[in-house]
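Peer 1: Below: one structure in structure tokens.
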Ligand SMILES: *Cc1c(COP(=O)(O)O)cnc(C)c1O
């Protein structure tokens, strides 16, 4: 592979002395399931997000699920989200016994289209989950306004948006809760599975703490049927170290995105991501849109460039959700983008030379003459 899609080893190597020391400290105290290392990370992460509380859990799916459970979402309820996301957003709704209801995304930002939201609200609607896809927040002001008018809580799926901002407000801090994934490949990633939810609501934080720990309020006294959803102590200790590098990592991603944007400017064949002026996009994924995507993906793979597709099938067309009754044509923007999205290598440790290689190969695959080729043809 000439340019990998992601290289976590490069991210971890310089941190290993610190991470090894943290590992020994956790082993020394045997605080493996929840405990003080998780609590210390929770404090730091809440502060980073501008929120009062963070609740560390097993993964991002738990983070969404416990927030919904904490809000009392259950059978017979509807929760509105988008079809252009990872399936976990909808799974969390389904595992409350509620029904996911989709609204399409905006063609520019690929996040929930606020114009379509109002129409999807019914008397059964109990919450709204906008997804900050690829590292850019949804258009939160109109979404929060509609939610307020209908007295509905908003949970941000911020699993791809650690450190992103909307009009200066951090992702995760705008709704009643913000759910994060610390899956290894995310902008802030553990060395295993982890997740967390931030909130300013003390009651909701207490409920999420209860649900992640078998519904316990006191050891072996269970007020609700909960789940084993605690964060590992080791992951808490590692995440506390890695959090210190998140802002720098995000800045590097933004610089890489700017290099890609500039290189593809003026290429009609390659549509680059749009970042709204009031947003700080943190480019968890740098997705371009191309025609004949599958052919181009094959050419990139052949050329040794690691690319991805996020995501090939929108949720309403997944077999798992065929019972919801949606069909092809229900959400045209999500369907169109699913056919055109191509995610290019994006991680902080990428070099300028690697990015140039990706640029050249993508231009070649799309039939755009590169500078070198034009010079050669003219000589
Ligand atoms: C990663 C992700 C999740 C789920 O997180 P896990 O830690 O994998 O459970 C949820 N929503 C979105 C948008 C994600 O990208």
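Peer 1: Suppose the filter is surrounded by fewer than 24 Cβ atoms within 10 Å (Cβ to Cβ), more than 28 Å from residue 241 (Cβ to Cβ) and within 15 Å of the ligand (Cβ to nearest atom); does residue 145 pass it?
Peer 2: Numbers: surrounded by fewer than 24 Cβ atoms within 10 Å (Cβ to Cβ): yes; more than 28 Å from residue 241 (Cβ to Cβ): yes; within 15 Å of the ligand (Cβ to nearest atom): no.
Criteria not met by residue 145.
Peer 1: Then there's this: Of the residues 254, 244, 209, 293, only one is more than 30 Å from residue 341 (Cβ to Cβ) and in contact (Cβ under 8 Å) with a residue 12 or more places away in the chain; which? Break it down stepwise before answering.
Peer 2: Numbers: 254 fails: more than 30 Å from residue 341 (Cβ to Cβ); 244 fails: in contact (Cβ under 8 Å) with a residue 12 or more places away in the chain; 293 fails: more than 30 Å from residue 341 (Cβ to Cβ).
Of the residues listed, the single one that is more than 30 Å from residue 341 (Cβ to Cβ) and in contact (Cβ under 8 Å) with a residue 12 or more places away in the chain is 209.
Peer 1: Turning to a different aspect of this structure: If I ask for residues that are in a helix (DSSP H, G or I) and either without any contact (Cβ under 8 Å) to a residue 60 or more places away in the chain or within 14 Å of the ligand (Cβ to nearest atom) (or both), which ones from the range 54-72 would you list? Let's see the steps before the verdict.
Peer 2: To start, the set of residues in the range 54-72 that are in a helix (DSSP H, G or I) comprises 60-70.
Within the range 54-72, 60, 61, 62, 63, 64, 65, 66, 67, 68 qualify.
Peer 1: Let me ask you something else. Is it true that some residue in the range 97-108 is in contact with a helix residue (DSSP H, G or I) (Cβ under 8 Å, 6 or more places away or on another chain), assigned to a loop (DSSP other than H, G, I, E, B) and within 12 Å of the ligand (Cβ to nearest atom)? Write out each step before concluding.
Peer 2: Step one: list which residues in the range 97-108 are in contact with a helix residue (DSSP H, G or I) (Cβ under 8 Å, 6 or more places away or on another chain), which gives 98-107.
Restricting the remaining residues to those that are assigned to a loop (DSSP other than H, G, I, E, B) gives 98, 103-104, 106-107.
Within this subset, residues satisfying the condition of being within 12 Å of the ligand (Cβ to nearest atom) are none.
For the range 97-108, residues in contact with a helix residue (DSSP H, G or I) (Cβ under 8 Å, 6 or more places away or on another chain), assigned to a loop (DSSP other than H, G, I, E, B) and within 12 Å of the ligand (Cβ to nearest atom): absent.
Peer 1: Taking the range 109-135 as the region of interest, how many residues are within 16 Å of the ligand (Cβ to nearest atom), part of a loop (DSSP other than H, G, I, E, B) and farther than 14 Å from residue 179 by Cα?
Peer 2: Let us first name the residues in the range 109-135 that are within 16 Å of the ligand (Cβ to nearest atom), namely 109-112, 127-135.
Pick out the ones that are also part of a loop (DSSP other than H, G, I, E, B) and you get 109-111, 129-130, 132.
Next, only the ones that are farther than 14 Å from residue 179 by Cα stay: 109-111.
So the answer is 3.
Peer 1: Scan the range 19-31 and tell me whether some residue there is outside any helix (DSSP H, G or I), in contact with a strand residue (DSSP E or B) (Cβ under 6 Å, 6 or more places away or on another chain) and either under 30 Å from residue 201 (Cα atoms) or touching a residue at least 60 places away in the same chain (Cβ under 8 Å) (or both). Before the answer, list the steps.
Peer 2: From the range 19-31, those outside any helix (DSSP H, G or I) are 30-31; that's our starting set.
Cutting the leftovers down to in contact with a strand residue (DSSP E or B) (Cβ under 6 Å, 6 or more places away or on another chain) gives us none.
There is no residue in the range 19-31 that is outside any helix (DSSP H, G or I), in contact with a strand residue (DSSP E or B) (Cβ under 6 Å, 6 or more places away or on another chain) and either under 30 Å from residue 201 (Cα atoms) or touching a residue at least 60 places away in the same chain (Cβ under 8 Å) (or both).
Peer 1: Of the numbered conditions (1) under 21 Å from residue 227 (Cα atoms); (2) free of Cβ contacts under 8 Å to residues at least 40 places away in the same chain; (3) crowded, with 24+ Cβ neighbours inside 10 Å, residue 155 satisfies every one except a single condition; which is it?
Peer 2: Of everything listed in (1) under 21 Å from residue 227 (Cα atoms); (2) free of Cβ contacts under 8 Å to residues at least 40 places away in the same chain; (3) crowded, with 24+ Cβ neighbours inside 10 Å, residue 155 misses just condition (2).
Peer 1: Here's another thing I want to ask about it. Contact list please: Cβ distance under 6 Å, first residue in the range 357-377 and at pLDDT below 70, second residue in a helix (DSSP H, G or I), pairs at least six apart or on different chains.
Peer 2: If the second residue must be in a helix (DSSP H, G or I), the pairs left are 370/360; 370/363.
Peer 1: Same structure again: Quick check on residue 138: is it modelled with pLDDT of 95 or more, within 16 Å of the ligand (Cβ to nearest atom), in contact with a strand residue (DSSP E or B) (Cβ under 8 Å, 6 or more places away or on another chain) and outside any strand (DSSP E or B)? Step through it out loud before you land on a result.
Peer 2: On the way: modelled with pLDDT of 95 or more: yes; within 16 Å of the ligand (Cβ to nearest atom): yes; in contact with a strand residue (DSSP E or B) (Cβ under 8 Å, 6 or more places away or on another chain): yes; outside any strand (DSSP E or B): yes.
Yes, satisfied.
The values are calculated or read from the model by the stated rules, or taken from the named source; none is laboratory data. All of these numbers come straight from a predicted model, not from anything done at the bench. Neighbour counts are summed over all protein chains in view; Cβ atoms, including those assigned to glycine, are modelled from backbone coordinates with ideal geometry.
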